[in-house]
Amino acid sequence: MLIFTFSRGWAKIANAVLGADRYPVDVKAIAKEYSQQCFPYDPITLTKGASLDGFDGALCRAPAGKKGWGIIYNSDISSPGRINFTLAHEFGHYLVHRQDFPDGIECSSQDMVRWDSEYGQIESQANDFAATLLMPLDDYRRQIDDATKPTLDNLSVCADRYGVSLIAVVLRWLQYTLRRACLVVSRDGFVLWARSSKKAWKTGKYIKTANRPPVPVPLTSLAANRNFITESKGSTFHREDVWFDEECEENVLFSDQYDFVISLIHFSNELVDHPEDDELQIDRPTW
């Protein structure tokens with residue numbers, strides 16, 4: 001609740017100071033200016049890229065004899081959207097976690113995409129802050145309202161607006177949509193991880209990958225059959241024996257740059273009752 005209130009407060013400050021047409025947010029400028037004004041004895045004095053082995057970003061304490069902190073992002077990342085989100089993520093660590101981690105924090109690429117407390121509470125909190133700073137819900141809802149069923153092309157427009165990756169905007173949309181939908185990220189025919197909207201989860205439309213054997217993508221899904229589409233993306237309707245046990249629409253994007261497949265699966269919004277058994281209680285994500 002604290003990080004949620006903190007993030008909401010930041011969104012209000014940004015609206016008042018920067019205006020409604022401030023996108024994409026200049027995280028470097030905000031981080032330096034805000035920290036110097038509010039924490040002049042412990043500010044952010046450096047934001048830069050470096051070749052980092054094994055992680056996307058880090059919050060680093062300044063060397064002995066110097067004051068403040070540095071935000072470092074992996075300069076080997078070719079996506080400006082991923083870099084922007086990494087900067088906001090590390091800024092969130094600075095604001096909320098630096099006193100608990102006086103030696104700094106290093107964050108892997110998985111820390112940036114696993115927006116759940118199961119993967120680590122402080123990483124989930126930093127992602128929540130980054131999403132709120134870069135993609136505040138009041139503005140996002142004006143682009144895509146709660147009931148709209150967007151395509152990946154629609155969501156790509158939002159990715160450009162906010163200066164983040166496609167996966168980041170899909171995850172943010174899943175947080176507020178009233179629709180039943182599921183994002184599945186896969187590679188080589190197996191699910192890397194998945195995330196469902198609240199209503200999809202409540203009706204059992206989710207895939208758990210943590211602490212389980214590899215989960216194969218359905219053999220007749222678009223994610224398993226690139227030859228079904230003419231370019232790197234496409235969509236189709238599936239009968240109930242493909243994804244889950246229900247008819248659905250699959251929007252797919254094959255990312256050659258990052259060597260994974262994004263599937264956005266839409267279900268009918270006619271909700272059906274689903275028993276909340278013990279497993280569902282365990283798998284419930286933090287929203």
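The values are calculated or read from the model by the stated rules, or taken from the named source; none is laboratory data. None of the values given here were measured: they were computed from a predicted structure. Cβ atoms come from the backbone with ideal geometry, glycine included; neighbour counts cover every protein chain shown.
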Heads up, the helices (runs of 4 or more DSSP H) in region 65-181 (entirely inside) with at least 1 residues that are among the polar types (S, T, N, Q) and closer than 24 Å to residue 47 by Cβ are 80-97, 109-113, 121-134
Select, from 186, 196, the only residue that is in contact with a Cys (Cβ under 7 Å, 6 or more places away or on another chain), outside the structural domain of residue 26 (by TED's automatic domain parsing), farther than 25 Å from residue 25 by Cα and buried (at least 16 other Cβ atoms within 10 Å of the Cβ).
196
Specify the residue that is modelled with the highest pLDDT; the eligible residues are those in region 255-287 that are over 16 Å from residue 194 (Cα atoms) and among the hydrophobic types (A, V, I, L, M, F, W, C).
271
Can you name the residue in region 141-173 that is farther than 14 Å from residue 262 by Cα and hydrophobic (A, V, I, L, M, F, W, C) and is also surrounded by the fewest Cβ atoms within 10 Å (Cβ to Cβ) among such residues?
147
Among the candidates 129, 101, 85, residue that is out of contact with any Gly (no Cβ under 9 Å at 6 or more places or on another chain) and modelled with pLDDT of 90 or more:
101
Inside region 29-59, can you point out the residues that are crowded, with 18+ Cβ neighbours inside 10 Å and not in a loop (DSSP other than H, G, I, E, B)?
30, 31, 32, 34, 35, 44, 47, 57, 58, 59
How many of the residues in region 60-107 are in contact (Cβ under 8 Å) with a residue 60 or more places away in the chain, among the basic types (Lys, Arg) and surrounded by fewer than 21 Cβ atoms within 10 Å (Cβ to Cβ)?
0
Answer yes if at least one residue in region 226-233 is touching a Phe, Trp or Tyr at 6+ places or on another chain (Cβ under 8 Å) and under 15 Å from residue 266 (Cα atoms), and no otherwise.
no
Complete set of residues in region 205-219 that are out of contact with any helix residue (DSSP H, G or I) (no Cβ under 7 Å at 6 or more places or on another chain) and surrounded by 15 or more Cβ atoms within 10 Å (Cβ to Cβ):
205, 207, 209, 215
Any residue at all in region 155-173 that is under 26 Å from residue 60 (Cα atoms), among the polar types (S, T, N, Q) and at pLDDT below 95?
yes
Of the numbered conditions (1) out of contact with any Leu (no Cβ under 8 Å at 6 or more places or on another chain); (2) touching a residue at least 24 places away in the same chain (Cβ under 8 Å), residue 255 fails exactly one; give the number of that condition.
(2)
For the subset of region 33-66 comprising residues that are of a type outside the set (D, E, K, R) and touching a Cys at 6+ places or on another chain (Cβ under 7 Å), which member is farthest from residue 101 (Cα to Cα)?
55
For region 232-260, enumerate the residues that are closer than 14 Å to residue 182 by Cβ and not charged (D, E, K, R).
238, 242, 243, 244, 248, 251, 252
